[in-house]
Structure formats: C-alpha cells, structure tokens
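This report concerns only the one structure given below.
The values are calculated or read from the model by the stated rules, or taken from the named source; none is laboratory data. Keep in mind that this is a model prediction, so the values were computed, not measured. All Cβ positions, glycine included, derive from the backbone under ideal geometry; neighbour counts span all protein chains shown. All accessible areas refer to the heavy atoms of the entire protein, side chains included, with ligands and DNA or RNA removed. Shrake-Rupley method; radii C 1.70, N 1.55, O 1.52, S 1.80 Å.
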Amino acid sequence: SVLSLHFFLNTEFYKTPVAGTRMFIMTIMRSFFMVAVPFFLLLTGYLVNKKTLSFKYYKGILYPVGIYLLTSIINILYEVLILNDSMSFKTAILSLLNFKAVRYAWYIEMYMGLFLLIPFLNLIYNGLKSHKQKLVLIFTFFTLTTLPSLITFNNNEILPDWWKGIYPLTYYFIGAYIREYDVKIKKSLNFVLLMAVVLLSGIYNFNTSYNNIFTWGKYNDWGGIQVMLTSVLSFLLLKHLNLLKLPQFLKKLITIISKLSLGIYLASGIFDTIFYKRLNSMVQPMPKRLNYFIVIVPLVLIASSLFAVVTK
C-alpha cells in the first residue's frame, strides 16, 4: 500500500486535472491505498500495548534509528557520487538530524515521538477499568481527530479540529482495543462494507475534484473519516483471514517482507527517484502512466527489498 500510494505522488497524479476513466480508477485506488500509514499505527497499538517503562523497552529505538541512519548515509552518497549533488558535510549532517536525508523519513520522525509515548499511552489504556471506559477513550480521540472531517457546514468544519494532528494516537488505541476484545465482523459483511466505503470515497473525491487538481482535504487525509473507516475495515478483514492453508513458501515470503518493511519503506525513496523519472519522461499524458502501475510498483518493491536485506 505504501509503495502503491507513492505511485500517485511520483507520477504527478496530484498535479493533473481529475477527469476521464483512468483518473477515476486512480482516485478509487488512492482511496484504498491510503490505509498504508494507518496500518502501521494500528499494528503498533495491536502489538505493543502491554509494553511498560523499562531500559529494555527504550533500547528498542536503536533498531529503527539504525536502519534510518544507514539508509540515509547510503542515500546521501548516492546523491553526491551518482547524481553529482554538491552537498556539503554540514548539510549532510543536518539532513540526518532533521529527517530530510531520505525522502519518506517523516514517518520515522513521527514514530520516534510515538515510541517515547507508548509506555504512557499503555498506562492510560490499561489503567481504564472497564470496556465502556475504553470505548469512551477511543470515541474521545475519534471526536478530536476524525469527526471534524465528517461534520461540516458549507465546507467549513463546525467542530474544533486543532487536535486533528494527533490521529496516530487514535489509531494506536483502536489497535489496542481490537487486540483486547478481538473485534469481529462477519467476513462477507466486512468485505461489502469495505468495498462500499472505498467506492463511495473514490466517487466523492472524483466529483469533488472534477476538472481540477485532486483535493486532498481533511476528510481524505490520514486521520479523516474516509481513511479511518477504510483502514479499520481492512485491518479487521485481514486479521480474521485463515492463512494456515497458504503454501509454505508464501508464508515465508510474507514473514520476510514483514521483517524488512521499515527498510523497504525507507529505501523506496531512492528507487522511486530512479524508476519514476524514466517513466514520466517516456509516458505522456499522465493518466497513461496507470498502465505501468503493475510493472513499476513491483519493481520498486523488489529493488527496495534487496536493499533492505543488505542494510538489515
């Protein structure tokens, strides 16, 4: 989903007037692939909601920081030696510190803050005494981060949206709640609801932006109602799939990619620069680039995976 979402960023989708069949299809696809960042956050809440304050816990930050630094150094060397970028030593060091050394490092910057908060978030969540109290906690964060994107009047929010930027905490608590209470929806209903949300979101986004460049509003941003519903429904559907009958090689492949996911994410910025530059120069107009989606996204995945193996 991350690499697929970057397809739209790098093919100039957001700079192209929204009209025609291909742009409609891409708008639908974009509505689905926005689960990328929320999935990381839901998984974090799902997996580490029992972590407590300890030296061992804080040592855990060394792994993602190590991958970030190594990927950043390689990317700086690539830009200087291959792309002939005249980057000074001071600029290189500053880019490491302000998370500019890798194209998509904003997530690392966000995650480091979340990592520091997790033991305290767990004290809040696990300190609540009842199911009802935990639902109130989630609804409170939903009200602060997501509800303002839904309740509007003449395209103006009528609820305060100052706190919308803390949406990672909303996803975190939802992930913890799903883990504790094993939330389930009948698979057929879950699938229908998911497809309905994605389709309606795509149609709404297409009509809202029609004949203009794509409108990236609060409602279709990471913490917006469209992405929230799509992400939670997708997460629940995947969580309850029976994967026991998958071929062993496919299980191993999923496990390997899971372990390499952070490295793949960071490395993809390097290969996006390489592959999309060529694609954009060769294929005009922009909507025709959709034809190469099934080629270029797997190429970035394979190249980034090989890179992540080396830097792991």
### Task
Count, please, the residues in region 222-242 that happen to be in contact with a helix residue (DSSP H, G or I) (Cβ under 7 Å, 6 or more places away or on another chain) and either aliphatic (A, V, I, L, M) or in a loop (DSSP other than H, G, I, E, B) (or both).
11
#### Entry: Count of region 30-48 residues which are more than 18 Å from Tyr177 (Cβ to Cβ), open to solvent by less than 40 Å² (accessible area, probe 1.4 Å) and in a helix (DSSP H, G or I)
5
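Restricting the search to region 126-143, which residues are modelled with pLDDT of 95 or more, of a type outside the set (D, E, K, R) and assigned to a helix (DSSP H, G or I)?
Scanning region 126-143 gives Asn126, Gly127, His131, Gln133, Leu135, Val136, Leu137, Ile138, Phe139, Thr140, Phe141, Phe142.
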## Note on the structure
Within region 266-312, the residues that are touching a Ser or Thr at 6+ places or on another chain (Cβ under 9 Å) and among the aromatic types (Phe, Trp, Tyr) are Phe271, Tyr276, Tyr292, Phe293, Phe307
### Task
Hey, can you tell me all the residues within region 49-95 that are exposed (fewer than 15 other Cβ atoms within 10 Å of the Cβ) and acidic (Asp, Glu)?
Asp85
### Message
Please go through (1) open to solvent by less than 80 Å² (accessible area, probe 1.4 Å); (2) not in a helix (DSSP H, G or I) for Ser188 and return the number of the only condition it doesn't satisfy.
### Response
(2)
### Query
Of the residues that make up region 134-145, is at least one open to solvent by 80 Å² or more (accessible area, probe 1.4 Å), within 30 Å of Ser201 (Cβ to Cβ) and not aliphatic (A, V, I, L, M)?
yes
#### Entry: Number of the exception - Asn84 against (1) part of a helix (DSSP H, G or I); (2) at positive phi
(1)
